Amino acid sequence: MRIPRGGPNVWFGVSWACSFLAFGAARSGTSSWSVNLPLQLARGGALKTTTSTANSKDDVSAYRTRQQLYLQSRSLLLRQALIGRGLDALDHDAGGGDEGGGKKRAKPVDWDCAVATEAHPKSCLYSFDAETGAKVLAPLDTTHWITLAALNRLRRTDPTKVEPLWHSQYNILSTWWHPSHVFSLYTYLTPLGAFVSFLLDSPLLLASTLLGFVLLSALVTLPVWEHLAQIIVTHPVIWQQWPSWGRFVHAALPLKLLLGQMAWKAVAQVFGRLYGRVRTHLIDWECQILETCIPVTILEDAEDEDDEEYASINVQLFDDDEFDYGDGEESDEFDDQ
């Protein structure tokens, strides 16, 4: 028998440990300690059974359900209290109407038109004060004025900001600016104004009209463009630069497609700028037409003149000089009687 390294002391220690483990296994009634010693060692950390995990999940789910029911009950009580006061902050249905206490539906409304003067200045919702001599509009029987030109420009450039000026209480776009509505401003337009408004209401038609006008102008001036192209093509300076731009002529197809795409984007950008300028000019023109066509419904200067005339008539009627009794002779006669 070969003694392992470490000497007889090491071998004696190993033998004593094996004997001790065998004795312990014999007392406990098991004999697997000496064979499967590493498998009998417990793992580190806390051990948790499946039953306790399931119970904890059930407790959390029950707690969340109770809290949700509690929140719903409090919301219901709060809603009932608000409904009792004529409010309902929890009803976000736009079609609820006024009867259900929900969000009020925007209603159609007629308009009033007045003129801002120095004697009667008007405040504007879109700016601070309206210009003198400008026409202002407001919903019927209200004083929330806005200049006609500013309202028209705003609904052409950003229509989503029109109705919030009146806190979305009125259907301004579908009443004042709808051709078939009874309160429409289009009914007072001239044929020219109606045509301009029709072009602005149809962006595709306006773009097509502008493109057709550009093509027609190009056809009319085609001889001029041909002469300019002939001068450019036959100019010596162009052909002296052939080593620089000639390689693009013989370039591969993908590069030519890329150059064509860049040229198309440049042309589209120029056309977009032209379209924006034309549309802005048409909007200004439409504002001028509206200023001349929309009738004034509130004549405050005329009312002031009528009031002054009425006051002057009253002063003439109740003038003390017309009821002068002289030196008191008539009064003495009345006293004698």
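For first residues located in region 208-222 and farther than 17 Å from residue 269 by Cα, partners that are part of a helix (DSSP H, G or I) and modelled with pLDDT under 95 and lie 6+ apart or on another chain with Cβ distances below 8 Å form the pairs 209/199; 218/225.
Take the conditions surrounded by 10 or more Cβ atoms within 10 Å (Cβ to Cβ), of a type in the set (A, V, I, L, M, F, W, C), out of contact with any Phe, Trp or Tyr (no Cβ under 9 Å at 6 or more places or on another chain) and over 29 Å from residue 211 (Cβ atoms) and apply them to residue 264. Does it pass? First the steps, then the outcome.
Details: surrounded by 10 or more Cβ atoms within 10 Å (Cβ to Cβ): yes; of a type in the set (A, V, I, L, M, F, W, C): yes; out of contact with any Phe, Trp or Tyr (no Cβ under 9 Å at 6 or more places or on another chain): yes; over 29 Å from residue 211 (Cβ atoms): no.
So residue 264 does not fit the description; no.
Can you confirm whether region 190-202 contains a residue that is modelled with pLDDT of 90 or more and charged (D, E, K, R)? Yes, some residue in region 190-202 is modelled with pLDDT of 90 or more and charged (D, E, K, R). Would you check if residue 225 is assigned to a helix (DSSP H, G or I) and surrounded by fewer than 11 Cβ atoms within 10 Å (Cβ to Cβ)? Considered against the rule, which asks whether it is assigned to a helix (DSSP H, G or I) and surrounded by fewer than 11 Cβ atoms within 10 Å (Cβ to Cβ), residue 225 comes out as no. Kindly establish whether residue 174 is loosely packed, with under 11 Cβ neighbours inside 10 Å, of a type in the set (Ser, Thr, Tyr) and part of a loop (DSSP other than H, G, I, E, B). No. Evaluation of residue 89 against the conditions (1) modelled with pLDDT of 85 or more; (2) of a type outside the set (Val, Ile, Thr); (3) farther than 30 Å from residue 178 by Cα shows that the sole unmet condition is (1). Scanning region 118-137 for residues that are touching a Cys at 6+ places or on another chain (Cβ under 8 Å) and assigned to a strand (DSSP E or B) returns 135, 136, 137.
The values are calculated or read from the model by the stated rules, or taken from the named source; none is laboratory data. A quick note: this is a predicted structure, and the numbers were derived from the prediction, not measured. Ideal geometry is used to build each Cβ from the backbone, glycine not excepted, and the neighbour counts take in all protein chains shown.
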